[in-house]
Amino acid sequence: MTALLDSIGYAQWALHALIWLPVLGIGLVLWAEEERAKTVAFWWSMFVFVLSLGLWWAFDPASGAMQMETTAPWIPSWGVNYSLGIDGISLFMVLLTTFSTSIAILGSFNYIKTRERAFYALMLLLEAAVVGVFVATDVFLFYVFFELTLVPMYFIVGIWGGERRIYAAIKFFLYTAFGSLLMLVGILFLFWKAKTFMGMPTFAYEDFLLVPLTGTEQIWLFIAFALAFSVKVPVFPLHTWLPDAHVEAPTPGSVILAAVLLKMGTYGFLRFLLPFFPLASQHPTVVTTMLVLAVIGILYTAWVAAVQPDAKKLVAYTSVAHMGFVVLGVFALNVNGLQGGLVVMISHGISTGALFLLLGMLYERRHTRTIADFGGIARVAPWFATAFLITALASIGLPGTSGFVGEFLALMGAFESHPTLAFIATLGVIFAAYYMLPMVQTVFFNKLETDENRKIEDLNGREMAILAPLCALMIIIGWNPTPVLERMEPSVRTVIERVEQAGARAAALDGLSTPVEGGVRADATDAPSDGDDETTTDLNDGSAPAVADGDE
Amino acid sequence: MASLAALVQGGGQAATEGGHFEPFFPGLVVLLPLLGFLANGYLALQHARASADAVRGGSELDLGDAASRPATHTLPTWIGPGVMAVAFLITLVNFTRMLGAHLEEPVVIHYWTWIATGTFTVDAALQLDQLSMIMMMVITGVGTLIHVFSVGYMKEDPGYPRYFAYLNLFVFFMLVLVMGSSYALMFVGWEGVGLCSYLLIGYWFSDREKADAGKKAFIVNRIGDVGFLIAMFLLFKNFGSVDFVPVFHDAETLVYGGGLVTAITLFFFVGAIGKSAQMPLYVWLPDAMAGPTPVSALIHAATMVTAGVYLVARSSVLFALAPLSSAVVAGIGVLTALFAATIALKQNDIKKVLAYSTVSQLGYMFVGVGVGAYAAGVFHLMTHAFFKALLFMGSGAVIHSMHEAYHATHNHEDPQDMRNMGGLKAFMPITWVTMWIATLAIAGIWPFAGFFSKDEIIWYAGAWAGAENAPYPGLYTVYWILALAAAMLTAFYMTRMMVMTFHGANRTGDEESKHLHEAPAVMWVPLAILAVLSIFGGWINVPEALQSGWAGLGGVLPMSEWLHHWLEPITAQAHHVQEVNLGQYSYYAPFGGGEAMWAAISTVAAAIVVALSIRIVGGRTVVAVKDDTTELTGFAKVLYNKYYVDELYDRIIVQPIVRASRFCWKVIDAGIIDGAVNAVGWVSKGTGWVVSMFQTGTVNTYAFILTVGVLFVLGASLF
Amino acid sequence: MITEALVLSAILFVIGTFGVLVRRNAIIMFLCIELQLNAVNLSFVAFSRMFGIEGQIFVFFVMTVAAAEAAVGLAIIISIFRHYETVNVDSFNLLKW
């Protein structure tokens, strides 16, 4: 396989193709006849997905650095380059994107009945933008793609959504734009710093990594970036756009939103937040704040989810809980935690995507999403019930499914660094059962009473073709996650090493006799402050009020 | 592919590690039930499709008579029990091979790397040793019998293939639980059996109460699972691994009685409390009786609920290092034993009696492992699997017969209520005899299996109290007395159940009683086999002190402490820790007297209680449910209502959480957070509205403002 | 000489401005705007005597723009009149939102 890929020079053009082929597909879809648009879009996205599969082999699992890097000047006077590359973190995000786009398009055949060409064109635009987010190694380019994802999603929710679609679309747009504007300010600040430091204008990721920042600067920049990404994730209490967007979005919109758009937030944590601001990221107050928010997110949204009358809203809230596990793993700042967080990202993409697809199929049949309207569906739709049960179990992290591997590792990693918080987060395991099982029971079990429910059809061939690969992936990753984990490990280590080295350097510069263990300076708040010296990266300086601001 | 090859070959490197022991396809033991699940599951889905079409058409799928049923309904009869039988035979071969070998170290067969993050690695590997072998024998052996029994019991059920699919899946997970070579893999089985338990309790899911019971079991179990997870995290943090071999190898680096080992073991025990239905998490088990009766026999009596005991026995060295945890284990065990036994006194549902009896007996097992008698705990686990599976299946035969009687006469009485039974021995003699054997066994009457196992547990509780440096001698004396008391209660309520069910006058109804019948052979043969095991099963571990005395028939029973010696490689480390820190067990019970004397006292006392119970209960007039107007009062009412524990939990835990959830949603989420977000929106809109007042739309106003503006700017620049 | 021209230009401009502000008839307002433009033109021409030819060039520009404006403006007024049958600007506030 590797030889074949080499012979066609795959590594040189693959990343470009994954961005620009969907864009080309937009043209094809718009050019096609209205009723053929969905077929064209589906096969085109399948083509892109198959093409992206080559990354699995072309990727060198032993290296933690950026691979397949290509670069071309874009706006030379500002030092902006069109440069792409992937590592073990983005590899899976790209695959998840191409995969879920195909699945989502196939899943929207019956759901989208109006303006089909426009819809599928937007889906392909979304795919291009999201892939761009994950492969961009130029911060400016990243920002452009990051914002570009808002546009198609805004229209998908706003045009094909439910009754309150306008409210949801605007809320989604404003919420996320608010966060990313703060990030833009942060990026510009970094740009000027980099320009002074490098002696030339640059937006390159690698250059930004080299920019020396004082502890205070890091804290402020951390807050700006963290707010942008936390809105996307979403981290409690910035999550309220998500349930509305999910409930109003059409099924494919929800699938893409859950499967990949949320991941852009946690991807940002891993790609930018930790490596750019290593001192801030391991500042005890910052870490504790993020972990506490993650734990609140896990438990609080589980509770809120449990009392939702609307099935889709329930699943939307569970997304927040799942992403809480990701944040928990990321800010554990160790190998287990980060890898666990990444697996949760993948697993959540698959299982929550599948849950939205299943609920969409249910909605197509019954035209309601109110849980109480259903009952006893398992008797008339056994395959449906089976697929739903497998997905629900993967979602609540039953061992043997992908959800368990991720949550287990994330919790284990968090336990290594913060046992008490991890202990509280583990209670989320109980509440996962508390929100999911009553829904499963009310919808699929209990007595089959109404005639509408009696008429519900089982899965058809197309729907099985959608769900089979999803369910298979949940179980395969559950039993053999090693191929995934081994590809992530070097990149994850790179991130952690960077954080730890910066911590060690800072400690050395501080001239403290206390040795640094595990990169986390628990004693940082007690360190004597000498704010006059610019070279000392003193974390004490102004950091405490800064973090307090960030909490709100 | 490589792993598949290894699976079939049975693992190449095992032989070198295990000395003479050559494993015989151990992977197949696990794989077969899984294949059975896949095959039955596929048939079940096909079957369900046909049934769904009928339901959509407004009717029910007609199964027709036995001869003309579709393959989807008949094939599971062979697949379900078939895979179990083969798995049992393979286990048997392995067992005999292990008998011949002197296996000191466990044999670990590696298949593939399950999770490897770089700092944490856990393999998909099976561990074969004396403990897992005993468990495998119980699971596949008793499991096969229950599968066979199910063929008769579930014959007329429309979900027949689905039933066997779940049952096979359960066995798969149970085997993963006991054969896994690490706590992580054990946890896979641990939650997997919880899932199957959920599915099987709610097997008749159209009935809301039954579906609720399944859900309750799953959620309560998950509370325990959190403990298990935390214990694993602690292990990883301190040992860098959760595999059995390295953890136990390094276990003795932990401080004896230290906080860490106490925390680890207590968290593990929280897991065990959930899974093995101990106080305060036992509430799911009585409700679990909503499942089909063979399920209660397999999952909620013989195998799954004993997983907690297996966990403690497996971690024996850790528990031996933590005397406080051991005391808690034994304490919870004895309290549960007594508490559940009192509730069982007043229950009228035959399965509920057995359910509380199971809770109570599980308490005994925890007393055993809590006083360091790990072999005794496992021993009771094994004998209990025999006689409790027998009791459940016997009750299943009774319910089956009662159900058919009521069904034939279109009567809607409760076929499980003992008040509707009575005098069944005339109709079901085999069931009657076999169940009496099991009752005598559970009551601890010599020479039945339960006598040896229960007596050993009670004895060790007393002997532990007298150990040289016993940590809490007074406490263990109390445990010992309570355990003896609970044994007497056991004898009483079990006899009450037998008398109410089988003796006295029949209360089923005149017309109905004509339809009562003995169970078919496919059901009573497993009963008979288990009856034999319930008699002789205890003889494999006759205590040394009794072997030459009366209880061992002066040495006629040959296998003195066989199980004890068999498990020696597993428990040796724990016993070493105990001997170093606690010294020898006492040879006398707290108030004097040796093992032989107390064994005699307890069996005679149990026999007296049985006789008393027959007199008392037999002397009462029991009336059928429809005529029963008795109002229970006082303590009897409290017992009948199970001490109102469910109501209490509902009020202090469930309702507050639901209320808090609503509060979080309505007040915090929709009110405060989203309110703030919307408020931002409203403020912007309001500002816009105010500003838009200046936009009148009349040209003159604009021209006027423009002119004023120009004049203003001009004026400002001039002056 | 230049002073008189500028004074005349200022008077014309003020009359134009006053007319735009106080009259309600769209046509008259329009004429007043033309008056303003021509007042400016006058000052351009006057200044061109002192500073060179550029002022006169500007006048041509202004006249061209004024012609175009007249064409578009009158067309709008006519279509408004057709629709509302009035050219009183108080009766329409279409420029709102």
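The values are calculated or read from the model by the stated rules, or taken from the named source; none is laboratory data. What you are looking at is a predicted structure, and each value in this text was computed from that prediction instead of being measured. Cβ: placed from backbone, ideal geometry, glycine included. Neighbour counts: every protein chain shown.
Residues in segment B:213-239 that are touching a residue at least 12 places away in the same chain (Cβ under 8 Å), at the interface with chain A (Cβ under 9 Å from one of its Cβ atoms) and charged (D, E, K, R): B:LYS215, B:ARG222, B:ASP225. Being more than 30 Å from B:MET693 (Cβ to Cβ), touching a residue at least 24 places away in the same chain (Cβ under 8 Å) and over 15 Å from the mean Cα position of the chain (by Cα), is that true of even one residue in segment C:48-63? There is at least one residue in segment C:48-63 that is more than 30 Å from B:MET693 (Cβ to Cβ), touching a residue at least 24 places away in the same chain (Cβ under 8 Å) and over 15 Å from the mean Cα position of the chain (by Cα).
With A:LEU338, A:LEU362, A:LEU357, A:LEU333 as the choices, which residue is in contact (Cβ under 8 Å) with a residue 60 or more places away in the chain, over 25 Å from B:ASP669 (Cα atoms) and not in a helix (DSSP H, G or I)? Break it down into steps so the answer makes sense when it comes.
Details: A:LEU338 fails: not in a helix (DSSP H, G or I); A:LEU362 fails: not in a helix (DSSP H, G or I); A:LEU357 fails: not in a helix (DSSP H, G or I).
Checking each option against the conditions leaves just A:LEU333.
Here B:GLY100 passes the criteria (1) without any contact (Cβ under 8 Å) to a residue 12 or more places away in the chain; (2) surrounded by fewer than 20 Cβ atoms within 10 Å (Cβ to Cβ); (3) not hydroxyl-bearing (Ser, Thr, Tyr) except the one numbered (1). If the condition is being under 27 Å from A:PRO61 (Cα atoms) and in contact (Cβ under 8 Å) with a residue 24 or more places away in the chain, then segment B:103-131 contributes B:HIS110, B:TYR111, B:TRP112, B:TRP114, B:ILE115, B:THR119, B:PHE120, B:THR121, B:VAL122, B:ASP123, B:ALA124, B:ALA125. For first residues located in segment A:84-101 and surrounded by 24 or more Cβ atoms within 10 Å (Cβ to Cβ), partners that are in a helix (DSSP H, G or I) and among the acidic types (Asp, Glu) and lie 6+ apart or on another chain with Cβ distances below 8 Å form the pairs A:GLY88/A:GLU489; A:THR97/A:GLU127; A:THR98/A:GLU127; A:THR101/A:GLU127.
For the structure I just gave you, tell me whether C:PHE51 is surrounded by fewer than 17 Cβ atoms within 10 Å (Cβ to Cβ) and out of contact with any strand residue (DSSP E or B) (no Cβ under 6 Å at 6 or more places or on another chain). Yes. Going through (1) away from chain B (no Cβ under 14 Å); (2) basic (Lys, Arg); (3) surrounded by fewer than 24 Cβ atoms within 10 Å (Cβ to Cβ) one by one, A:LYS263 falls short only on (3).
Every residue, every condition in (1) part of a helix (DSSP H, G or I); (2) over 24 Å from B:LEU440 (Cα atoms), yes or no:
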{"site": "B:VAL604", "(1), (2)": "yes, no"}
{"site": "B:SER613", "(1), (2)": "yes, no"}
{"site": "B:VAL617", "(1), (2)": "yes, no"}
{"site": "B:VAL623", "(1), (2)": "no, yes"}
{"site": "B:GLU631", "(1), (2)": "no, yes"}
{"site": "B:GLU647", "(1), (2)": "yes, yes"}
{"site": "B:ASP650", "(1), (2)": "yes, yes"}
{"site": "B:VAL654", "(1), (2)": "yes, yes"}
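Can you tell me which residue in segment A:450-490 is farthest from the other protein chains (Cβ to nearest Cβ), limited to those that are among the polar types (S, T, N, Q) and assigned to a helix (DSSP H, G or I)?
Within segment A:450-490, the match that is farthest from the other protein chains (Cβ to nearest Cβ) is A:ASN453.
For first residues located in segment A:104-116 and closer than 14 Å to A:ARG365 by Cβ, partners that are acidic (Asp, Glu) and lie 6+ apart or on another chain with Cβ distances below 7 Å form the pairs A:ASN110/A:GLU364; A:TYR111/A:GLU364. Among residues of segment A:35-50 being charged (D, E, K, R) and either farther than 15 Å from A:LEU122 by Cβ or out of contact with any helix residue (DSSP H, G or I) (no Cβ under 7 Å at 6 or more places or on another chain) (or both), the one that is surrounded by the fewest Cβ atoms within 10 Å (Cβ to Cβ) is A:GLU35. Restricting the first member to segment A:238-260 and to residues that are away from chain B (no Cβ under 14 Å), and the second to residues that are assigned to a loop (DSSP other than H, G, I, E, B) and of a type in the set (A, V, I, L, M, F, W, C), the beta-carbon pairs closer than 7 Å and six or more apart or on different chains are A:PRO250/A:ILE112; A:LEU257/A:ALA249. The single residue among A:TYR154, A:TYR175, A:TYR143, A:TYR167 that is within 14 Å of another protein chain (Cβ to nearest Cβ) and within 21 Å of the chain's Cα centre (by Cα) turns out to be A:TYR175.
Conditions tested, residue by residue: (1) more than 24 Å from C:ARG24 (Cα to Cα); (2) within 14 Å of chain C (Cβ to nearest Cβ); (3) part of a helix (DSSP H, G or I).
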| residue | (1), (2), (3) |
| --- | --- |
| B:CYS664 | yes, no, yes |
| B:ALA670 | yes, no, yes |
| B:VAL683 | yes, no, yes |
| B:THR696 | no, yes, no |
| B:THR701 | no, yes, yes |
| B:LEU706 | no, yes, yes |
| B:VAL713 | yes, no, yes |
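Would you say B:TYR198 is farther than 25 Å from B:THR265 by Cα and more than 9 Å from chain A (Cβ to nearest Cβ)? Criteria not met by B:TYR198. Of all residues in segment B:169-192, those satisfying the criterion of being within 11 Å of chain A (Cβ to nearest Cβ) and aliphatic (A, V, I, L, M) are B:LEU169, B:VAL176, B:LEU177, B:ALA184, B:LEU185, B:MET186, B:VAL188.
For every residue, the table says whether it meets (1) under 30 Å from B:GLY57 (Cβ atoms); (2) at pLDDT 90 or above; (3) part of a helix (DSSP H, G or I); (4) facing another protein chain (nearest Cβ under 10 Å).
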| residue | (1), (2), (3), (4) |
| --- | --- |
| A:PHE384 | yes, yes, yes, yes |
| A:LEU389 | yes, yes, yes, yes |
| A:ALA392 | yes, yes, yes, no |
| A:LEU398 | no, yes, no, yes |
| A:VAL405 | no, yes, yes, yes |
| A:ALA410 | no, yes, yes, no |
| A:LEU421 | no, yes, yes, no |
| A:PHE431 | no, yes, yes, yes |
| A:LEU448 | yes, no, no, yes |
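Given the criteria at the interface with chain A (Cβ under 9 Å from one of its Cβ atoms) and of a type in the set (Gly, Ala, Ser), does B:ALA165 qualify? Considered against the rule, which asks whether it is at the interface with chain A (Cβ under 9 Å from one of its Cβ atoms) and of a type in the set (Gly, Ala, Ser), B:ALA165 comes out as no. Screening B:VAL255, B:VAL242, B:VAL261 for residues that are over 18 Å from the mean Cα position of the chain (by Cα), away from chain A (no Cβ under 11 Å) and modelled with pLDDT of 90 or more leaves exactly one candidate, B:VAL261. Pairing residues of segment B:241-261 that are in contact (Cβ under 8 Å) with a residue 60 or more places away in the chain with residues that are in a strand (DSSP E or B) and acidic (Asp, Glu), at Cβ distances under 8 Å and at least 6 apart in sequence or on separate chains, gives B:ASP243/B:ASP123.
Screening B:GLY509 with (1) modelled with pLDDT of 85 or more; (2) under 23 Å from B:MET418 (Cα atoms); (3) surrounded by fewer than 24 Cβ atoms within 10 Å (Cβ to Cβ) gives one miss only, at (1). The single condition among (1) touching a residue at least 12 places away in the same chain (Cβ under 8 Å); (2) within 17 Å of C:GLU69 (Cβ to Cβ) that C:LEU6 does not satisfy is (2).
Of everything in segment B:41-69 that is more than 12 Å from chain A (Cβ to nearest Cβ) and either touching a Leu at 6+ places or on another chain (Cβ under 9 Å) or surrounded by 15 or more Cβ atoms within 10 Å (Cβ to Cβ) (or both), the residue that is modelled with the lowest pLDDT is B:LEU63.
Determine whether segment A:372-381 contains at least one residue that is more than 11 Å from chain B (Cβ to nearest Cβ) and either within 30 Å of A:LEU293 (Cβ to Cβ) or part of a helix (DSSP H, G or I) (or both). Yes; the residues of segment A:372-381 include at least one that is more than 11 Å from chain B (Cβ to nearest Cβ) and either within 30 Å of A:LEU293 (Cβ to Cβ) or part of a helix (DSSP H, G or I) (or both). Across segment B:100-110, a minimum of one residue is classified as part of a helix (DSSP H, G or I) and more than 28 Å from the chain's Cα centre (by Cα).
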